[in-house]
Structure formats: C-alpha cells, structure tokens
Amino acid sequence: MGDVGGFIHGTTLATNALIERRGAQVATITTAGFRDILEIGYERCYDQYAINLEKPDLLVPRYLAFTVAGRMDAAGRELEPLDAAALPALADWLRGEGVGALAICLLHAYANPAHERHLRKLLLKEIPNLVISLSHEVSPEAREFDRLCTTIANAYIQPLMDRYLARFQARFRAEGLRCPILMMTAGGGMTTVETAARIPIRLVESGPAGGAILAARIAQQVGEAEVLSFDMGGTTAKLCLIDSFRPQTTRRFEIAHAERFLKGSGMPVRIPVVDMIEIGAGGESLARVDRLRQLRVGPESAGAAPGPAGFGKGGTLATVTDADIALGLIDPARFAEGRLQIDRDASDAALRRDIGAPLELNPAEAAFAVSEIVDETMAATGRIHAVESGKDLGARLMIAFGGNGPLHATRVARRAGVRRILIPHAPGVGSAVGFLHAPVSYEIVRSNYSTISDLRIDELNRFLAEMSAEATEIVRMGTPQSNPSERRVAFIATTARATRLRSSGPCAT
C-alpha cells in the first residue's frame with residue numbers, strides 16, 4: 001500500500017441523493033419578510049400552457065421556512081441588528097420538527113456575512129449537532145432564489161456526505177493507505193475531502209465531469225478543437241460540448257427536472273460546473289408501455305443489482321441492454337471477457353412480456369423499438385443542447401465512452417448529424433481516466449457591485465486578494481508537497497458586475 005502516492009475519488013452519491021430525495025430533513029432561515037422566496041421563485045411558470053403544472057420539489061415545505069429579524073443593505077451596511085432574542089424559541093421549533101440540517105440565507109449576505117455567522121454561532125449553542133449551511137459560504141452571489149436553493153441543496157446532502165466521507169477515510173486508513181485523498185468536483189477540478197464535506201454540493205455531477213476532462217484531453221491530442229463528448233453508462237447518458245480543448249462550463253444548472261428538457265422545471269443550483277446535459281438513458285434503463293400504449297425508456301433504472309434480465313442476476317424487467325442482447329449487438333462469448341454469462345432467452349422473455357405483448361410485437365421487433373427510442377432520445381438531447389448553446393453538431397467529432405457509449409455511438413451520431421466518431425482506449429472507465437488529467441483547483445464566484453463613479457481600486461484589490469487567499473489555501477491543502485511557484489491564480493470578470501476566480505494547482509492545464 002505504500003506504493004500508492006495519491007487517490008482521486010468521484011462519486012454520484014450527492015447527485016443520487018438529490019434526485020431520489022434521500023437527504024436530511026431540512027429547514028430554512030431567511031430575513032424577516034422573505035419567508036416565501038421558494039414559493040415565489042422567478043414569478044413565472046416553466047410551461048405557461050400546462051393546466052396541471054407540476055412545480056419543482058425544492059425540498060423545504062413552507063412550515064419549515066423560518067425568518068429572523070435583521071437586515072443588511074446591498075453594500076453590506078447593517079440597517080437593522082440581528083434579533084438574537086428570538087433564537088431560543090426558533091431552536092425549540094427546529095428541535096420539535098426533527099430538523100437535521102439548516103440552510104441560512106439572509107438578504108445581501110454575499111456583501112456582509114456577519115449576521116449569518118452570528119446566527120450559526122448562536123444556534124449551535126442551542127443545538128450542537130445541527131448541520132448548518134450558510135449561503136455566503138456555499139454560493140456568495142446575488143439572486144436570492146438561486147442562492148437559497150443552492151444552500152438548501154448543500155444542507156440537504158451534507159449529513160449524508162459527511163457520514164460517507166468519514167467512513168471512506170476510515171476504511172482508507174484501515175487498509176494502510178496514507179496518501180492524500182482528493183475529490184473530483186463538478187467544475188472539473190479536484191479538492192480536499194475536508195472542503196468536499198463542508199460544501200458537498202460541489203460534488204454534484206463530479207463523476208461525469210471526469211469524462212468531459214478526458215474528452216478535452218483527447219481532443220487536444222488529436223487536434224480537434226470542436227468535440228461532442230458522449231458518455232453513456234448504466235443509468236444515464238451525458239453530452240458535453242468542448243471548444244478549443246476546454247469543456248463548456250456554466251455557473252448555474254438544475255437538478256431533478258419535473259419535466260424533461262424544460263428549463264425552470266428543476267431545482268436551480270449556482271456553482272461552477274462543467275456544462276453538460278444528462279438524461280435517464282443508460283444500459284440499465286427500464287423499458288415499459290404506458291397507459292396510452294406508448295413505449296417509454298427510462299429514467300427508471302434496474303441498477304447494477306438486479307440489473308438487466310439477460311445478466312442472470314435476478315433482474316426480470318426489460319432494459320436497454322436486453323434490447324442490445326436481443327438484437328445481437330452484444331456477443332455473449334466475448335462480453336466482459338467471458339466472466340459474465342449472457343442469457344439471451346431471458347432478455348427475449350422480458351421484452352416479449354413488457355413490450356411485445358402490449359404492442360403486439362415479437363421480441364426482435366420489441367428490441368428494435370426500444371433501441372430506436374433510446375437512441376433518438378439521446379440524439380434529440382444533443383441537438384437541443386447544441387441549439388441552446390448556438391453550436392452546430394455537424395462539424396464536431398464525437399468522442400464516445402462509458403459502458404454503453406461505443407455500442408450506441410454510431411446510431412446516436414447518425415441521428416444527431418455527427419459524421420465522425422472516436423472511441424478511446426478503455427472507454428468503460430473513461431471518467432476515471434479523466435480524473436488523472438484534472439487539476440487540483442478551486443473556483444470561487446462572488447458578487448461585488450459598484451458603480452464606476454464609486455469604484456475604489458484599493459477595495460477591489462483587497463476583495464480579489466481575499467478570494468485568492470481562500471482558493472490558494474484550499475489548493476495548498478490538496479498539494480502539500482508542491483512548489484508554490486507552480487500554482488496559478490486567474491481572475492475572470494464574467495460580467496461588468498461580477499468577478500470570478502479560478503486557482504489551479506501544479507497539475508493545471
């Protein structure tokens with residue numbers, strides 16, 4: 001074990017906990033008068049013509065939304081002191097409701113976090129074991145709704161991720177490994193376990209980010225400036241646009257959409273993230289016929305256990321992999337180097353029962369129908385993603401990986417208008433290979449508003465220096481043996497009113 005010099009870990013636990021709603025009972029505290037931030041949202045519907053509109057599940061019911069008096073203005077000046085006298089009664093309410101995590105999002109905390117910090121200090125005296133997320137630490141930007149949603153999501157998964165990472169580290173040490181552990185983040189960099197435990201929302205989509213890093217690396221090696229990364233695994237398929245050898249990034253995305261493809265139908269999260277679109281279409285996605293006799297594939301999945309019917313591990317429901325087996329796209333003699341026996345009869349039986357009987361199709365026709373649906377769904381997703389980004393897929397090289405990516409690449413590419421495909425070595429572990437090329441980095445996004453007439457360069461420099469120091473310290477913790485001169489700090493103004501910092505470690509590209 002002493003030969004292991006480093007360990008990089010990516011996980012879908014945070015993403016799955018948010019999608020499957022397996023987090024803690026979470027409450028919110030906002031500034032008095034702003035209790036209904038979640039209810040109001042953007043004051044618009046994502047589908048104005050939907051009669052039975054399903055609103056996004058934002059995790060906190062109204063009876064768990066609390067407020068506290070105290071106010072900062074947009075410049076960070078205190079207008080009204082924090083009402084500390086109300087906190088004992090508020091703590092009693094939290095205990096009575098069995099709240100396990102708390103999201104605190106006070107007005108203009110990004111400009112002055114003093115009230116949020118003081119509130120946490122007072123509440124921890126009342127409830128020592130309460131997990132508290134502060135908005136100025138999680139997402140220190142203006143836009144109260146986005147900031148609150150991000151803080152809620154962080155608080156919701158924080159107890160789960162904290163327990164998981166603690167067990168992971170304990171098992172790691174018990175096996176005799178003493179090397180540093182780095183966690184892959186959604187932004188395509190790596191950070192420390194301590195930072196990941198404090199802000200676990202940064203781990204959402206961290207696994208797929210590794211795949212985008214791999215595709216960008218390959219694009220650079222083959223000299224292709226415009227690439228479409230196609231990563232199809234067992235549960236989902238992920239597509240990412242790569243330009244000039246860098247994955248497209250964003251600072252906002254949505255989790256758990258109520259309506260597939262529709263913006264505004266999910267829970268907004270505002271963190272630096274590799275911009276990719278993900279759908280529930282993988283090898284283990286379940287195929288079924290709905291009450292209107294329409295064939296549906298995903299997003300429900302058979303999972304690794306029991307898995308597809310053809311794997312003989314107890315699965316009985318028809319999946320995309322069963323369709324591939326029935327169509328002869330998987331060679332039973334060569335699959336998994338012969339270590340896993342394929343039962344084609346079981347796949348045929350599942351397809352006949354779940355798809356063939358309701359639609360009056362034989363197993364071969366049912367398998368073809370499932371394959372056509374899932375391939376067109378992925379291709380349509382790619383086309384939508386490209387149009388929303390103002391990009392053309394026709395001139396791009398598709399880099400296909402993941403357990404099922406190479407198997408479906410040609411059919412998806414044909415439908416999406418992509419003419420060239422590259423399949424890398426060991427595509428089934430593409431995301432893990434991508435981890436090896438990711439920089440140790442930490443990206444900080446903060447709002448700093450000022451008019452030109454009031455702009456003071458000394459205050460701006462102090463603001464940037466604080467961001468640089470915070471990011472550099474996190475990077476230093478992840479690379480304790482590195483030469484400080486190898487670290488790089490970059491400041492990027494994303495708008496006229498916002499500044500973004502990216503601090504990269506010695507392995508930065």
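In this structure, is H136 in a helix (DSSP H, G or I) and touching a helix residue (DSSP H, G or I) at 6+ places or on another chain (Cβ under 7 Å)?
Answer is yes for this residue.
What residue, among those in segment 161-178 that are touching a residue at least 60 places away in the same chain (Cβ under 8 Å) and surrounded by fewer than 20 Cβ atoms within 10 Å (Cβ to Cβ), is nearest to the chain's Cα centre (by Cα)?
Y164
Quick one: would you say H425 is under 21 Å from P299 (Cα atoms) and either buried (at least 21 other Cβ atoms within 10 Å of the Cβ) or not charged (D, E, K, R) (or both)?
So H425 fails the test.
Yes or no: A287 of a type in the set (A, V, I, L, M, F, W, C), buried (at least 24 other Cβ atoms within 10 Å of the Cβ) and free of Cβ contacts under 8 Å to residues at least 60 places away in the same chain?
no
Could you please find all residues in segment 411-440 being among the basic types (K, R) and part of a strand (DSSP E or B)? Quick ask: steps written out before the conclusion?
Keep residues of segment 411-440 that are among the basic types (K, R), which gives 411, 414-415, 419-420.
Scanning segment 411-440 gives a single hit, R420.
Just to verify a result, which residue in segment 254-269, among those that are assigned to a strand (DSSP E or B) and within 19 Å of M378 (Cα to Cα), is modelled with the highest pLDDT?
Among those residues, the one meeting the criterion is E254.
Are any of the residues in segment 441-459 assigned to a helix (DSSP H, G or I), of a type outside the set (D, E, K, R) and more than 26 Å from A215 (Cβ to Cβ)? Can you show your working first?
Let us first name the residues in segment 441-459 that are assigned to a helix (DSSP H, G or I), namely 457-459.
Still in the list and also of a type outside the set (D, E, K, R): 457.
Among the residues that remain, those that are also more than 26 Å from A215 (Cβ to Cβ) are: 457.
Yes.
For segment 48-75, what are the residues that are more than 24 Å from the chain's Cα centre (by Cα) and loosely packed, with under 14 Cβ neighbours inside 10 Å?
Q48, Y49, A50, I51, N52, L53, R62, Y63, D73, A74, A75
Are any residues in segment 183-203 surrounded by 24 or more Cβ atoms within 10 Å (Cβ to Cβ) and either assigned by TED's automatic domain parsing to the domain that holds V269 or not β-branched (V, I, T) (or both), and if so, which ones?
Within segment 183-203, the first condition is being surrounded by 24 or more Cβ atoms within 10 Å (Cβ to Cβ), and the residues that meet it are 183-191, 196, 200-203.
If the condition is that a residue be surrounded by 24 or more Cβ atoms within 10 Å (Cβ to Cβ) and either assigned by TED's automatic domain parsing to the domain that holds V269 or not β-branched (V, I, T) (or both), then M183, M184, A186, G187, G188, G189, M190, A196, P200, R202, L203 are the ones that fit.
Here is a list of conditions, (1) surrounded by fewer than 13 Cβ atoms within 10 Å (Cβ to Cβ); (2) farther than 20 Å from M267 by Cβ, and Y42 meets all of them except one; can you say which number that is?
For Y42, the exception is condition (2).
Just give me the residues in segment 217-231 being part of a helix (DSSP H, G or I) and in contact (Cβ under 8 Å) with a residue 60 or more places away in the chain, in sequence order.
R217, I218, A219, V222
Among all residue pairs at least 6 apart or on different chains, which show Cβ distances below 8 Å where the first residue, located in segment 396-418, is at positive phi and buried (at least 24 other Cβ atoms within 10 Å of the Cβ) and the second is part of a loop (DSSP other than H, G, I, E, B) and not β-branched (V, I, T)?
Cβ pairs passing all conditions: G402/G233.
Check every one of the strands (runs of 3 or more DSSP E) wholly within segment 1-116 and list those with 2 or more residues that are in contact (Cβ under 8 Å) with a residue 12 or more places away in the chain.
7-9, 26-31, 65-68, 101-105
The values are calculated or read from the model by the stated rules, or taken from the named source; none is laboratory data. As the structure is a prediction and not an experimental result, all values here were calculated from the model. For neighbour counting, all protein chains shown are included, and Cβ atoms are generated from backbone atoms with ideal geometry for every residue, glycine included.
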